[in-house]
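First the structure, in the form of structure tokens, and then the observations on it.
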Amino acid sequence: MNAPHPSAREREQLYRDMDPLNLTPLWEVLHALVPREPATPCVPALWKWDTVRPLLLRAGAAITAEEAVRRVLILENPALRGQSAITQSLYAGLQLILPGEVAPAHRHTQSALRFIVEGTGAYTAVDGERTSMRPGDFIITPSWTFHDHGSEAEGPVVWLDGLDIPMIRFLDAGFAENGAARSQEVTRREGTSFARYGHNMAPVRHDAPFGATSPIFSYPYERSREALERLERDAPVDAWDGVKLRYVNPLTGGSPMPTMATFMQRLPAGFRGRGWRQTDGAVYSVVEGAAVVHLDSPRGTQQFEVGARDHFVVPSWHTARFESDAGCVLFSYSDRPVHQALGIHKEERLQ
Ligand code: GTQ
């Protein structure tokens, strides 16, 4: 064996001497710090509804919503266990509320979205207005608004919570506060915000009530679904996405929340999509139908067979491709608005 190069020994000694001073040589880590292309530690993952639902119901027996504050099973990326993160920047969880329960009022700087997965008759209250939940509805909790959840339903109600928790943690910008009352006082009739902002119109004199966040609390599924069905029938279907629309803040045309973009898409029956990849990792909730998701990355190839109420994550810069025999509707969210604000969003569509 060759003796170590003299400079190697000198380097080792140099590293040992600088270490106590909290100094470290860039040249040992530069390639990883400035990668040729995104090399996320996140891995693709799938949560099948059939396996998650019984555990959620057991959580319902094990703890009340009141005691838990939020009774949620967090969807943790298998490569980020312990970090409460589904991607480096995003959080996902499935929240259960049972008839008569209340998840008490609080507020925080983290923005939240709710995507209703099962059950009808629960509500979320924001800024004095309650919004009822139905499967497929996309509901918003703007940053720093008091919100409580409750249920007057007959059975369990489950929704997907999407929050920017890891992003806010990374920025060390999180604040939170409990509300004075368990449930906030209702000061406006349900549907008032939607009447004001949800019809391609807006009050003549308005200030955006929630800053950069949409003034619409709920984007009902029946509307999104109808739009997608019409477009599938009447307009060209995209070879990569099928029919895909993004939800908008009607006051800006931008994303409903400053940190998260949300999408609904329909894969027509018989769809054989082409592959794409983008820098924003995305979380998916299957609304209806079934699909096969093909995923490629330098680590290998995977296939997920997904059906209604399954959840999965497509990490940054993984190539994905959708196929569906029966047709499929998918809701998804990602941190794309942040990429776009920074001018670093990148997408590739394979021919
Ligand atoms: O409903 O306010 O899944 O604060 C995680 C943190 C839900 C909520 C979560 C939260 C909430």
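Placing pseudo-labels 7 Å out from each Cα toward the beta carbon at E12 and E66 gives an inter-label distance of 6.4 nm. Tell me the angle of helix 49-62 to the major Cα principal axis of the chain, expressed in degrees between 0 and 90 and rounded to the nearest ten. Taking the Cα atoms of the chain, the angle to 49-62 is about 70 degrees.
Cβ-to-Cβ counts within 10 Å put T141, T124 in ascending order as T124, T141, the fewest first. Length, then width, then depth: along the principal axes, the Cα atoms of the stretch 91-157 run 32, 21, 17 Å. Going by a ≥ b ≥ c, the root eigenvalues of the Cα gyration tensor, does the stretch 1-101 fall in the rounded group (a/c under 1.5), the prolate group (a/b larger than b/c) or the oblate group? Here the stretch 1-101 falls in the prolate category. In the chain, the DSSP-assigned H stretches of four residues or longer account for a calculated mean residue ellipticity at 222 nm of -5500 deg cm²/dmol, using -39500 (n - 2.57) per stretch and the full residue count as denominator. Residue ranges 60-68, 24-32 sort as 60-68, 24-32 when ordered by packing (mean number of other C-beta atoms within 10 Å per residue, highest first). Dipole size of the chain about its Cα centre, with +1 on Lys/Arg Cβ and -1 on Asp/Glu Cβ: approximately 400 debye, rounded to the nearest 20.
The angle separating the long axis of helix 221-234 from the principal Cα axis of greatest extent in the chain is about 80 degrees.
For the peptides 296-307, 43-54, 194-205, residues were scored by their other Cβ atoms within 10 Å and the scores averaged per peptide; the highest-first order is 43-54, 296-307, 194-205. If a/c stays under 1.5 just call it rounded; otherwise compare a/b with b/c (prolate if a/b is bigger, oblate if not). Do that for the stretch 152-219, with a ≥ b ≥ c from the square roots of the Cα gyration tensor eigenvalues. Oblate, because a/c is 1.5 or more while a/b does not exceed b/c. Relative to the longest principal axis of the Cα atoms of the chain, the long axis of helix 6-18 lies at roughly 50 degrees. Projecting the Cα atoms of V29, G242, F217 onto the charge dipole of the chain (Cβ charges, centred on the Cα centre) puts G242 farthest toward the positive pole.
Note that the stretch 246-351 shows a convex hull volume over its alpha carbon atoms of 107 Å³ per residue.
Each residue of the stretch 72-81 was assigned a 3J(HN,Hα) from its phi angle through the Karplus curve 6.51 cos²θ - 1.76 cosθ + 1.60 (θ = phi - 60°); the sequence is 9, 9, 7, 8, 9, 4, x, 8, 10, 4 Hz, with glycine and proline shown as x.
The stretch between A180 and D325 holds 47.1 nm of extra length on full extension. This uses 0.36 nm per residue minus the Cα-Cα distance. Residue-wise HN-Hα couplings along the stretch 37-46, as the Karplus relation 6.51 cos²θ - 1.76 cosθ + 1.60 with θ = phi - 60° gives them from phi, are 8, x, 10, 5, x, 5, 10, x, 8, 10 Hz; Gly and Pro carry x. Counting neighbouring Cβ atoms within 10 Å and putting the fewest first, the residues L33, L245, L75 line up as L33, L245, L75.
Between the amide H of A85 and those of N77, distances stay under 5 Å, these residues lying 5 or more places away or on another chain, with hydrogens modeled in the peptide plane. Note on the stretch 188-296: along the principal axes its Cα atoms extend 47, 31, 22 Å, ordered by decreasing extent. Along its three principal directions, the equivalent ellipsoid of the chain from the Cα gyration tensor extends over semi-axes of 38, 26, 21 Å, largest first. Computed about the Cα centre, the dipole magnitude for the stretch 194-261 is approximately 240 debye when only Lys and Arg (+1) and Asp and Glu (-1) carry charge, each at its Cβ. Considering only I63, A122, T87, the residue lying farthest towards the positive end of the dipole of the stretch 43-190 is T87, judged by Cα position with unit charges set on Cβ. Cβ crowding within 10 Å, taken as a proxy for footprinting-reagent exposure, orders R169, R230 from fewest neighbours to most as R230, R169.
Rule-based calculations on the coordinates, nothing more; no lab input. All figures in this text were calculated on a predicted structure; none of them were measured in a lab. Cβ sites come from the backbone with ideal geometry, for glycine too, and all protein chains shown count toward neighbours.
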